Amino acid sequence: LANPEVLGSVKGSALENIQLQHPFYATEVPIILADHVTTDAGTGAVHTAPGHGQEDFIAAANYGIEPYNPVGANGVYLPDTPIFAGQFVWKANAGIVEVLAENGKLLHQQPMEHSYPHCWRHKSPTAFRATAQWFISMDQQNLRQAAIAAIPAVRWVPEWGEDRILGMVESRPDWCISRQRTWGVPITLFVHTTSGDLHPDTVTMMHKAADLIEADGIDAWYEDDIFSRLGVDAEQYTQVKDILDVWFDSGSSHFCVLDERGYLGSPADMYLEGSDQHRGWFQSSLLTSMAIHQRPPYRQVLTHGFAVDADGRKMSKSLGNVMAPQQVMNTYGADVLRLWVAAADYRQEMTVSDEIIKRVADSYRRIRNTVRFLLGNLDGFDQDTQLVAPEQMLSLDRWAVDRALQLQQEITADYSNYHFLRIYQKATHFCSVDMGAFYLDVLKDRLYTMPVNSIGRRSAQTAMLHILEAMVRWIAPILTFTAEEIWGLLPQQGRSNTIFKATFYSGLLPLDEPTQSRDFWQQLMQLRDPVSKAIEELRSAGVVGSSLAAEVTLYTEGELLQTCTSLGDELRFVLITSAAVVKPLADKPADLPVLEVADSKLAVEVSASTAEKCIRCWHYRSDVGSDPEHPEICGRCLENLFADGEQRKFA
C-alpha cells in the first residue's frame with residue numbers, strides 16, 4: 001500500500017492465543033509466540049506450519065498444537081485435503097493465489113525472489129514434512145548417562161575430543177533412526193493398520209526377518225509374499241518401509257565386524273576418523289555399544305583434521321585445488337606421501353601443496369641418503385666376526401650409538417602417543433645434524449684411510465650397524481616401502497623375512513664414559529659451528545679450498561679448554577682440519593674477537609696450511625714425502641698402508 005494508515009499499535013505478547021479466521025477454510029487458528037521469529041528479519045508476524053518446519057514444530061508443541069501435514073511422500077496433497085487434493089505442492093501455488101482472490105482475501109500480489117532451502121545435490125526446492133519416525137530414547141533406559149559415564153574411560157587423541165563428544169552426548173535429543181529412502185537397511189517392523197501399535201510378536205518377527213534376509217538377500221523384505229513368509233496378517237498390519245539411519249549402520253559396525261569375528265578381539269584398539277565424527281560415527285558407535293555391551297566399542301579414539309590447500313581452503317573438485325594422492329605417488333613415490341602425513345600436524349587442518357610436497361621429498365632424500373651411506377660403508381662387514389665389543393669402541397662411536405638410544409626412547413614414546421610430527425622432526429634432525437653434519441662427516445677419514453681390519457674402522461662400522469638396525473625400525477611405520485627395501489639389504493641370518501615382524505632394536509648401549517660424556521661431545525658439536533664459519537671466510541676469500549687446507553688455533557677457557565685439550569691431536573679430526581691447537585684464552589691476539597660457545601669464551605684463529613697435501617688422505621702434513629718410495633703420502637698413511645696402522649682413541 002502506498003499510504004498505509006496506522007490504526008493502532010500493540011506488543012506481540014498481547015496477541016497471544018487470539019483466534020484468527022483461516023482465509024478460505026472454515027477453521028480458526030491461534031496466534032502463538034516463538035523465539036525464532038524476529039523483527040529484524042521480516043515483519044515479526046509469520047505463518048506457522050508445525051507439519052513443515054523444525055522451528056514451527058517446536059513452537060506449536062509448546063501450545064499443544066498437533067502438527068498438520070496434508071502433503072504425501074510424493075509431494076502431492078493428500079486425498080482428504082480440501083480444494084487442492086491430488087495437486088503437486090509447487091504447482092498448487094498459483095491455485096492458492098486464485099482462491100485467496102476469489103474469497104476477497106488477497107491484499108496484493110507481486111512476484112518476489114527470496115532464499116529457500118534447496119537440495120544440495122539436485123538443486124531443486126525442498127519441502128519439509130513432519131512424519132512419524134522411529135527413535136532410540138536417550139533417557140528411558142539411561143543410555144545417555146551410561147554413555148557419559150563411559151566416555152572418560154576411553155583415551156581421546158587429541159585430549160579435547162573427550163570434551164567435544166561429552167558435550168554432544170549431554171545435549172543431544174533422542175536418536176531418530178528412521179529415514180524415508182528407497183535404499184538402505186530396512187527397519188523390519190509391522191504396525192497395526194489402525195492403531196499404529198507394534199506387532200505383539202515384534203522381536204520374533206525381527207529374528208525371522210533377519211534370517212530371511214541373511215538367506216535370500218535384503219530384497220526379500222520388499223517381496224509381496226513377506227507377510228505370508230513371516231506369518232503376519234496383511235489386513236491387520238502394515239509393513240514399515242523406512243530404512244535405518246546410516247549412522248546406525250556404521251555405528252553397529254563393531255558388532256558386525258568384531259563380535260562376529262572373535263579372532264579380531266573386542267573392543268577395538270582404536271577408532272580413527274575426522275573431527276566431524278564426534279557427532280557421527282564415534283557417537284553412534286558408542287551409543288549402540290553401550291546398549292548392547294554396556295561398554296564403549298573402542299579403547300582409543302584418534303581424531304584428525306582435513307586436508308586443505310596452501311590458502312587454507314578445503315579440497316574441492318569444483319575449486320580445482322585437489323591434489324590427487326596418485327599424482328603425488330607417481331611423481332615422488334608412496335613413501336613421500338606417507339611422510340607428508342607424518343610431517344603434518346593432524347590435530348589441525350593439514351596443508352598440502354606442490355611446494356610442501358617438494359620440501360617433504362627433500363627430507364625423505366636426506367633420510368634415504370643417510371641410510372645409503374651407512375649401507376655403503378657396511379659392505380662386506382661380517383657382524384659375527386668383525387663386530388667390536390663396546391669397551392673397545394672409540395669414544396665418538398659410543399656417543400653415536402648412545403645418541404641413537406636416546407632418540408629411540410623418545411621415538412618409542414612418541415609412537416605410543418601418536419606424535420608422528422615429532423618423529424618426523426627427530427628423524428630428519430638426526431640424519432641431517434647428528435649424523436650428516438657431525439658424526440658421519442668426521443667418520444669419513446677413519447673409514448677411508450685406516451686399515452680394513454683396524455679397530456678404528458671396525459668400531460665405526462659396528463656403530464653404523466647398530467644405528468642402522470635401530471633407524472630402519474623407527475621409520476618402518478611411516479616409510480614402509482623404504483624400510484622394507486633396507487631390511488632386505490641387511491644381513492639376513494637370524495632375522496624375519498620382513499621388517500614388519502620385528503620389534504625395536506635392543507642392541508643400543510648407553511654411553512658410560514665419565515670423561516667423554518654426552519655433554520663432552522655436545523660441546524664439540526657446538527664448537528664446530530664457529531670454526532666452520534671462520535674457515536668459510538677464508539674459502540670465500542680464496543685463501544683455502546677446503547677445511548683440510550686450514551690450520552686452526554683455539555683460544556678458550558674453563559671446561560671447553562679441558563675438553564679440547566683432552567683430545568690431543570685427534571681434535572683436528574673432529575674439526576676436519578689438518579692441524580688444531582688449543583691455547584688458553586689469555587694468549588689470544590688482541591684483535592681476535594671473542595665468542596660465547598658452550599657456556600665458555602672462545603676465539604678462533606684460522607690460517608692456510610703451508611705443508612704439502614697428502615694425495616691419499618688429503619690432509620696437509622709436514623711429513624709428506626718422508627718416504628722416498630712414496631713421496632706423495634704422509635706418515636700417517638704410510639703407517640696405515642704398510643705397518644700396524646694408526647691408533648685412535650676418540651675420533
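Among the residues of region 570-608, count how many are closer than 28 Å to SER395 by Cα and assigned to a loop (DSSP other than H, G, I, E, B).
Of the residues in that region, 5 qualify.
Identify, by number, the condition in (1) modelled with pLDDT of 95 or more; (2) of a type outside the set (Val, Ile, Thr); (3) surrounded by fewer than 16 Cβ atoms within 10 Å (Cβ to Cβ) that GLU551 doesn't meet.
(3)
Which one of the conditions (1) part of a helix (DSSP H, G or I); (2) open to solvent by less than 60 Å² (accessible area, probe 1.4 Å) does GLY184 fail to meet, given that it meets all the rest?
In the conditions (1) part of a helix (DSSP H, G or I); (2) open to solvent by less than 60 Å² (accessible area, probe 1.4 Å), GLY184 misses (1) alone.
Return a yes/no flag: does region 114-131 have any residue that is open to solvent by 60 Å² or more (accessible area, probe 1.4 Å), over 26 Å from MET168 (Cβ atoms), among the aliphatic types (A, V, I, L, M) and part of a loop (DSSP other than H, G, I, E, B).
For region 114-131, residues open to solvent by 60 Å² or more (accessible area, probe 1.4 Å), over 26 Å from MET168 (Cβ atoms), among the aliphatic types (A, V, I, L, M) and part of a loop (DSSP other than H, G, I, E, B): absent.
Quick test of your reading of the structure: TYR418 fulfils all but one of (1) closer than 19 Å to THR480 by Cα; (2) assigned to a helix (DSSP H, G or I); (3) not charged (D, E, K, R). Name the failing condition by number.
Condition not satisfied by TYR418: (2).
Hey, does region 377-394 have a residue that's small (Gly, Ala, Ser), assigned to a helix (DSSP H, G or I) and out of contact with any strand residue (DSSP E or B) (no Cβ under 7 Å at 6 or more places or on another chain)?
Scanning region 377-394, I find no residue that is small (Gly, Ala, Ser), assigned to a helix (DSSP H, G or I) and out of contact with any strand residue (DSSP E or B) (no Cβ under 7 Å at 6 or more places or on another chain), so the answer is no.
For residues in region 42-67 being open to solvent by 80 Å² or more (accessible area, probe 1.4 Å) and in a loop (DSSP other than H, G, I, E, B), which is modelled with the highest pLDDT? Show your work before the answer.
Of all residues in region 42-67, those open to solvent by 80 Å² or more (accessible area, probe 1.4 Å) come to 43, 46-47, 54-55, 57-58, 62, 66.
Those still in the list that are in a loop (DSSP other than H, G, I, E, B) too: 43, 46-47, 62, 66.
Numbers: THR43: 72, VAL46: 85, HIS47: 87, ASN62: 91, GLU66: 88.
Checking each candidate, the answer is ASN62.
Could you tell me which of the residues GLN87, GLN110, GLN141 is under 38 Å from the mean Cα position of the chain (by Cα) and either farther than 30 Å from TYR346 by Cα or acidic (Asp, Glu) (or both)?
Being under 38 Å from the mean Cα position of the chain (by Cα) and either farther than 30 Å from TYR346 by Cα or acidic (Asp, Glu) (or both) holds for just one of GLN87, GLN110, GLN141, which is GLN141.
Between a first residue in region 229-253 that is closer than 18 Å to ALA132 by Cα and a second residue that is surrounded by 16 or more Cβ atoms within 10 Å (Cβ to Cβ) and of a type in the set (D, E, K, R), which pairs have beta carbons less than 7 Å apart while being 6 or more apart in sequence or on different chains?
Listed pairs, sorted by first residue: ASP242/ARG179; ILE243/ARG179; ASP245/ARG179.
So ARG473 clears everything in (1) in contact with a helix residue (DSSP H, G or I) (Cβ under 6 Å, 6 or more places away or on another chain); (2) crowded, with 16+ Cβ neighbours inside 10 Å except one condition, right? Which one?
(1)
So is ASN3 touching a strand residue (DSSP E or B) at 6+ places or on another chain (Cβ under 9 Å), more than 30 Å from ARG181 (Cα to Cα) and either outside any helix (DSSP H, G or I) or at pLDDT below 90 (or both) or not?
The answer is no for ASN3.
Does ALA26 fit the bill of being among the hydrophobic types (A, V, I, L, M, F, W, C) and either assigned to a loop (DSSP other than H, G, I, E, B) or touching a Pro at 6+ places or on another chain (Cβ under 9 Å) (or both)?
Yes; evaluated as a whole, the condition is true for this residue.
From the list ALA643, ALA603, which residue is closer than 28 Å to GLN526 by Cα and of a type in the set (Gly, Ala, Ser)? Working first, answer last.
On the way: ALA643 fails: closer than 28 Å to GLN526 by Cα.
Criteria check complete, one pass: ALA603.
Are any residues in region 71-86 open to solvent by less than 50 Å² (accessible area, probe 1.4 Å) and either under 16 Å from THR126 (Cβ atoms) or at pLDDT below 90 (or both), and if so, which ones?
VAL71, GLY72, GLY75, VAL76 - these are the residues of region 71-86 that are open to solvent by less than 50 Å² (accessible area, probe 1.4 Å) and either under 16 Å from THR126 (Cβ atoms) or at pLDDT below 90 (or both).
Using the structure shown, decide if PRO111 is under 30 Å from VAL240 (Cα atoms) and not charged (D, E, K, R).
Numbers: under 30 Å from VAL240 (Cα atoms): no; not charged (D, E, K, R): yes.
In short, no.
Would you mind stating whether LYS105 is modelled with pLDDT of 90 or more, farther than 30 Å from GLN294 by Cβ, open to solvent by 100 Å² or more (accessible area, probe 1.4 Å) and in a loop (DSSP other than H, G, I, E, B)?
It is true that LYS105 is modelled with pLDDT of 90 or more, farther than 30 Å from GLN294 by Cβ, open to solvent by 100 Å² or more (accessible area, probe 1.4 Å) and in a loop (DSSP other than H, G, I, E, B).
Starting from residues that are part of a loop (DSSP other than H, G, I, E, B) and in contact (Cβ under 8 Å) with a residue 12 or more places away in the chain, keep the ones in region 187-219 and report whichever is surrounded by the fewest Cβ atoms within 10 Å (Cβ to Cβ). Quick ask: steps written out before the conclusion?
Within region 187-219, the first condition is being part of a loop (DSSP other than H, G, I, E, B), and the residues that meet it are 187-189, 193-197, 199-201, 217.
Still in the list and also in contact (Cβ under 8 Å) with a residue 12 or more places away in the chain: 187-189, 193, 196, 199.
Values: ILE187: 20, THR188: 20, LEU189: 19, THR193: 13, GLY196: 9, HIS199: 19.
Filtering first and then ranking leaves GLY196.
Using the structure shown, decide if LEU560 is outside any helix (DSSP H, G or I) and open to solvent by less than 10 Å² (accessible area, probe 1.4 Å).
no
If I go through region 254-271 residue by residue, how many of them are surrounded by 15 or more Cβ atoms within 10 Å (Cβ to Cβ) and either within 22 Å of TYR418 (Cβ to Cβ) or touching a strand residue (DSSP E or B) at 6+ places or on another chain (Cβ under 7 Å) (or both)? Quick ask: steps written out before the conclusion?
Taking region 254-271 and keeping what is surrounded by 15 or more Cβ atoms within 10 Å (Cβ to Cβ), we get 254-255, 258-259, 266-268, 271.
From what's left, either within 22 Å of TYR418 (Cβ to Cβ) or touching a strand residue (DSSP E or B) at 6+ places or on another chain (Cβ under 7 Å) (or both): 254, 258, 266-268, 271.
Going through region 254-271 one residue at a time, the tally reaches 6.
Scan (1) part of a helix (DSSP H, G or I); (2) under 23 Å from LYS533 (Cα atoms) for the single condition ALA651 breaks and write down its number.
(1)
Quick test for you: out of PRO491, PRO514, pick the one residue that is modelled with pLDDT under 90, under 21 Å from THR462 (Cβ atoms) and either out of contact with any strand residue (DSSP E or B) (no Cβ under 8 Å at 6 or more places or on another chain) or open to solvent by 50 Å² or more (accessible area, probe 1.4 Å) (or both).
On the way: PRO514 fails: under 21 Å from THR462 (Cβ atoms).
Of PRO491, PRO514, the one residue that is modelled with pLDDT under 90, under 21 Å from THR462 (Cβ atoms) and either out of contact with any strand residue (DSSP E or B) (no Cβ under 8 Å at 6 or more places or on another chain) or open to solvent by 50 Å² or more (accessible area, probe 1.4 Å) (or both) is PRO491.
What's the total number of residues in region 424-480 that are in contact with a Leu (Cβ under 7 Å, 6 or more places away or on another chain) and among the hydrophobic types (A, V, I, L, M, F, W, C)?
Here the count works out to 10.
Only one of (1) over 27 Å from ALA101 (Cα atoms); (2) in contact (Cβ under 8 Å) with a residue 24 or more places away in the chain fails for LYS11. Which number is that?
(2)
Can you name every residue in region 75-102 that is assigned to a helix (DSSP H, G or I) and within 20 Å of HIS52 (Cα to Cα)?
ALA92, ASN93, ALA94, GLY95, ILE96, VAL97
For region 353-372, does any single residue satisfy the condition of being of a type in the set (A, V, I, L, M) and within 30 Å of ARG518 (Cβ to Cβ)?
Yes, region 353-372 has at least one match.
What are the residues in region 271-324 that are modelled with pLDDT of 95 or more, within 18 Å of the chain's Cα centre (by Cα) and of a type in the set (Phe, Trp, Tyr), if any?
Result: TYR271, TRP281, PHE282.
Are any residues in region 606-651 open to solvent by less than 60 Å² (accessible area, probe 1.4 Å) and of a type in the set (A, V, I, L, M), and if so, which ones?
Across region 606-651, the qualifying residues are VAL606, ALA608, ALA611, VAL624, ILE633, LEU638, ALA643, ALA651.
One residue is enough: does region 586-596 have a residue meeting the conditions open to solvent by 50 Å² or more (accessible area, probe 1.4 Å) and closer than 21 Å to PHE438 by Cβ?
Scanning region 586-596 turns up at least one residue that is open to solvent by 50 Å² or more (accessible area, probe 1.4 Å) and closer than 21 Å to PHE438 by Cβ.
Which residues, counting only those in region 291-339, are touching a residue at least 60 places away in the same chain (Cβ under 8 Å) and exposed (fewer than 13 other Cβ atoms within 10 Å of the Cβ)?
If the condition is that a residue be touching a residue at least 60 places away in the same chain (Cβ under 8 Å) and exposed (fewer than 13 other Cβ atoms within 10 Å of the Cβ), then GLN294 is the only one that fits.
Within region 479-488, how many residues turn out to be of a type in the set (Val, Ile, Thr) and either open to solvent by less than 20 Å² (accessible area, probe 1.4 Å) or at pLDDT below 95 (or both)?
Number satisfying all stated conditions: 2.
The values are calculated or read from the model by the stated rules, or taken from the named source; none is laboratory data. Keep in mind that this is a model prediction, so the values were computed, not measured. Quick reminder, even Gly has a Cβ in these numbers, built from the backbone with ideal geometry, and neighbours come from all protein chains shown. Heavy atoms of the whole protein, side chains included, go into the accessibility calculation; ligands, DNA and RNA do not. Shrake-Rupley method; radii C 1.70, N 1.55, O 1.52, S 1.80 Å.
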